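Chemist: First the structure, then my questions, so here it is.
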Amino acid sequence: MLWKFQKELIFSLLLLISIFLFRLNADAVKPKETPIANLINYQDSSIRELYLENERLRGLLSLPKRNNGTIAAIGEVSTMDAIGWPSWLTVETDHADRVNLGLTVLDASGNLVGHVTEKEGKHVKVMTILNPQSRISVSVQESRELGILESAGMLSLTIGYVPNNNSPKIGSSIVTSKLSHNYLSGIPVGKIQTSKVGKGFFRNISVRPSADFSSLEEVVIVY
């Protein structure tokens, strides 16, 4: 009788040990969240919070959104001013329904061509940066001087309102500024050809456009 009781006790102890070892092994292989996973979750949450906060602040301050540019349409230049420099272009596109007045027009390399002024059917009219009516807020990319870009005729441009005591370098890149009304900021416009002291308060600066209007066949319309 004593031996039978001892065997049952030993069996029970072995069973308990087996259950303990099984649970221990199960806990060991159970996947756990690592600190890296915690960090990623935190980063995602933080980014989302910053985005929502930014949207709230913009709403409170009534600030317009500034985007990096999205392609609305691609088109072919169908007509160009026959006399003088190309002040106006007509562009034909199958996606004219995506085009709104005022949208920015670039060449195939991303250089500034002008902006949309009219639309009828598949045809879009573009005022180029060479148009005498064109006025564009620009900046010198390297030194950040601001000025107003205007047409100087014969495929050339001029920048006004840069003080004489500023001296942007020849060959410096000109881009649209954040103050541009019809254009996204940072679009390549041209390079400085000459920069001379003017008679009044402002320098005489000439700019060669980056877009090649003499061989312009396709354009990209962006917003």
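Values in this text are rule-based calculations from the coordinates and carry no lab data. Treat the numbers as computed from the prediction; the structure is a model and nothing was measured. Here Cβ is always computed from backbone atoms with ideal geometry, including for glycine, and neighbour counts include all displayed protein chains.
Chemist: Can you give the local net charge around Phe213? Use residues other than it whose beta-carbon is closer than 10 angstrom to its beta-carbon, Lys and Arg +1, Asp and Glu -1. Walk me through the intermediate numbers first.
Modeler: Numbers: positive: none; negative: Asp81, Asp107, Asp212.
Counting the neighbours of Phe213, the net charge comes to -3.
Chemist: Which whole-number percentage describes the relative contact order of the range 136-210, with Cα contacts under 8 Å and a sequence gap of 6 or more? Please report the intermediate quantities before stating the final value.
Modeler: Values: 181 pairs, mean separation 23.4, N = 75.
Relative contact order here is 31 percent.
Chemist: Taking 0.36 nm per intervening residue step and subtracting the Cα-Cα distance, what contour gain separates Gln133 from Asp94 on full extension? If you can, show how the numbers build up before the last one.
Modeler: Values: separation 39, 0.36 × 39 = 14.04 nm, distance 2.83 nm.
Computed gain between Gln133 and Asp94 is 11.2 nm.
Chemist: Now, a different point. Once fully extended, how much extra length lies between Arg144 and Leu101, figured as 0.36 nm per residue of separation less the alpha-carbon to alpha-carbon distance? Display every interim value, and only then the final one.
Modeler: Details: separation 43, 0.36 × 43 = 15.48 nm, distance 2.89 nm.
Stretched fully, the Arg144-Leu101 segment lengthens by 12.6 nm.
Chemist: Oh, and also: So for the range 136-210, taking the charge dipole from beta-carbon charges (+1 Lys/Arg, -1 Asp/Glu), which of Asn165, Leu149, Ser210 sits furthest toward the positive end?
Modeler: Asn165
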